[in-house]
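Here's the structure we're looking at; comments come further down.
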Amino acid sequence: MTDSADSGSGKEGATIDIARPQDNVETTPIEEQCEEVDMNSAKMDPLEWTVRKVVSIPKQYYFETGNYDVSFRTKVWHRSIQLAGKSVKGAEAVGGFFAGLLGLTNSRYDDVLAYMSQEEIDAAREKARLEREKRRELDRERELQEKQNIQVV
């Protein structure tokens, strides 16, 4: 692997070969391997990007594979990641419960729509569509009048 560094010869950006042991996936136990993701993915939100940049997620936990012959450090790492994940899921569940209790997950019109028939809902949507078209037409007319008034002056 090459790293870019100033070698002291006055040339900036000179490359120096640094010998680093390559992780051999075949010899490294699966409990020691990390999950790899595309950090440039457009689907990754900023919070997930930050967590994955800072925290290594194991491919498989030692207690799932049944291999308890791993270092204490690996056990702590796996349990802390598991605990963090369960804490986030628990917080989401509690937040979802209170959001539902307070009505934050419902539409503003759920209570009105519950007592309307399908025909009434369709009629209301058609009326709203016609009113939107009228408003757009009036806005276009106003814009045209403003343009004509500006051109006259």
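The values are calculated or read from the model by the stated rules, or taken from the named source; none is laboratory data. Keep in mind the model is a prediction, meaning the values are calculated, not measured. Glycine also receives a Cβ, built like all others from the backbone with ideal geometry; neighbour counts cover every protein chain displayed.
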Could you look through the stretch 47-67, keep only residues that are within 24 Å of the chain's Cα centre (by Cα) and of a type in the set (V, I, T), and pick out the one that is farthest from C34 (Cα to Cα)?
-> T50
Looking at R132, R108, R140, which is the one that is of a type in the set (K, R) and exposed (fewer than 10 other Cβ atoms within 10 Å of the Cβ)?
-> R108
Inside the stretch 103-153, the number of residues satisfying the requirement of being of a type in the set (V, I, T) and at pLDDT 90 or above is 1
Identify all residues within the stretch 14-54 that are of a type in the set (V, I, T), surrounded by fewer than 10 Cβ atoms within 10 Å (Cβ to Cβ) and modelled with pLDDT of 85 or more; write none if there are none.
-> V54
